[in-house]
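Following: one structure in structure tokens, then a few remarks.
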Amino acid sequence: MSMTVSGITRVTGVFGCPVGHSQSPAMHNAAFAQMGLDFVYVPFDVHPDNLKAAVTGIRALNMVGVNVTIPHKERVIPFLDWVSDEALQIQSVNTIHLVDGKLRGYSTDGEGFIRALEASGKSPSGSKSVILGAGGSARAAAAALTLHGAEVAVANRTFSRALELAETLAVRPIALDSDDAREAILNADLLVNCTSVGMYPKTDDQPIPSEWLHKGLFVFDTIYNPLETRLLAAANSAGCRTANGVKMLVFQGAISFTIWTGLDPPAEVMEKAVLAGLQTRP
Ligand code: NAP
């Protein structure tokens, strides 16, 4: 893809540490090019000690805004002028937008997850769901699912973190390796993996035993590398409907894009760029 950066090009990007494997630059730059927008998206490897200076730099450099990824999503909050209710509730910001000199923070992970779920053919409304994990993405998915009328149980390896999550969200906390978790999954119609178990390079790992899977489950794995995790392979064998994390990545990015530009990006172009990037650099 060719791109021209001129004196009036508007700058967006992502702050992370590390950011070398991020698919977001390819995804956003493909969308900017397709829409003929004079914007560029740049990866910035920001050490946690430099986060405040980097955020101040958004204003100093008159950038449009940035995405924020691991490990900065929570720590960035005190440096912003305004944070959306949704982001405050889950204590996570993944999108910053500079408006009239003020830094505004949003989280697009939860809504990105819901759009991906719906695009994969599963409605959250009225579903009985079990989320595996209690970290940042689990908090986003849990908040979004409850908002969209799902019943939610959260099963985590460290039970105290599931309990903590249940203090702020209407979810049932469960220990991951327990009879309660097995029973909740047997009675559920939606299972969402928000742990990092099975992610590249530890692709042989699986967060729950295959025997807990059943035909009535829709299994959504938020991991997108590999495209088919061990969990998804087991779910496919058990006759479940499944989806990987690619569409979630695309939709959370598409919502950030809309926050920055006021425009709807071409999701299919963004998805193509992500899939091409994953093929060349896992
Ligand atoms: P995080 O905040 O670090 O949380 C990690 C979670 O994984 C915790 O609940 C942790 O449990 C659990 N975990 C880690 N190792 C485990 C193990 N060996 N056994 C059982 N549980 C284990 O991370 P995150 O930001 O939520 O990200 C988690 C996953 O979501 C990543 O794989 C990432 O690829 C995916 N994700 C995808 C998207 C997307 O757009 N598709 C966006 C964000 C994240 P403990 O509390 O016990 O440590």
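Throughout, read-outs are computed from the coordinates displayed, never taken from laboratory work. All values reported here derive from a predicted model rather than from experimental measurement. For neighbour counting, all protein chains shown are included, and Cβ atoms are generated from backbone atoms with ideal geometry for every residue, glycine included.
One table, with the values for the structure above:
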read-out	value
Cα long-axis angle, helix 51-60 against the chain (0 to 90 degrees, to the nearest 10)	40 degrees
Partner aspartates and glutamates for K102 [C-alpha distance under 14 Å; skip if fewer than 8 residues away on the same chain]	D81
Per-residue Cβ neighbour rank within 10 angstrom, fewest leading, D85, D205	D85, D205
13 Å Cα-Cα reach of K128 towards aspartates and glutamates, excluding residues that sit fewer than 8 places from it in its own chain	E151, E183, D189
The range 46-122: relative contact order in percent, alpha carbon pairs under 8 Å with at least 6 residues between	27 percent
Over 28 Å (Cα to Cα) - which of K52/K122; K202/K272; K73/K272; K215/K272; K73/K202 fall in this group	K52/K122; K215/K272
Sequence-separation-based contact order of the chain, relative, with Cα cut under 8 Å and 6+ spacing, percent	16 percent
Residue order, fewest to most beta carbons within 10 Å, for Y106, Y41, Y224	Y224, Y106, Y41
Charge tally in the Cβ shell below 11 Å around M27, where Lys, Arg are +1 and Asp, Glu are -1, M27 excluded	0
For W212, W260, W82, order by how many other beta-carbon atoms lie within 10 Å, fewest first	W82, W212, W260
GluC sites (Glu not before Pro), loop per DSSP, at most 16 other Cβ atoms within 10 Å - longest free stretch of the chain	75-227
Estimated [θ] at 222 nm from DSSP helical runs (n ≥ 4, -39500 (n - 2.57)) normalised by residues in the chain, nearest 500	-11500 deg cm²/dmol
Charged-residue dipole, Cβ positions (Lys, Arg, Asp, Glu), the range 16-78 about Cα centre, Debye nearest 20	160 debye
DSSP-defined beta bridges in the chain - what % are antiparallel, rounded to 5	20 percent
Net +/- balance of residues flanking K247 in space, Cβ distance below 10 Å, scoring K and R +1, D and E -1	-1
Eligible aspartates and glutamates near K247 by straight Cα distance, threshold 17 Å, same-chain separation 8 or greater	D109, E111, E118, D221, E228, D264, E268, E271
Stretchable slack from F44 to S6, in nm (0.36 nm times residue separation minus alpha-carbon distance)	11.7 nm
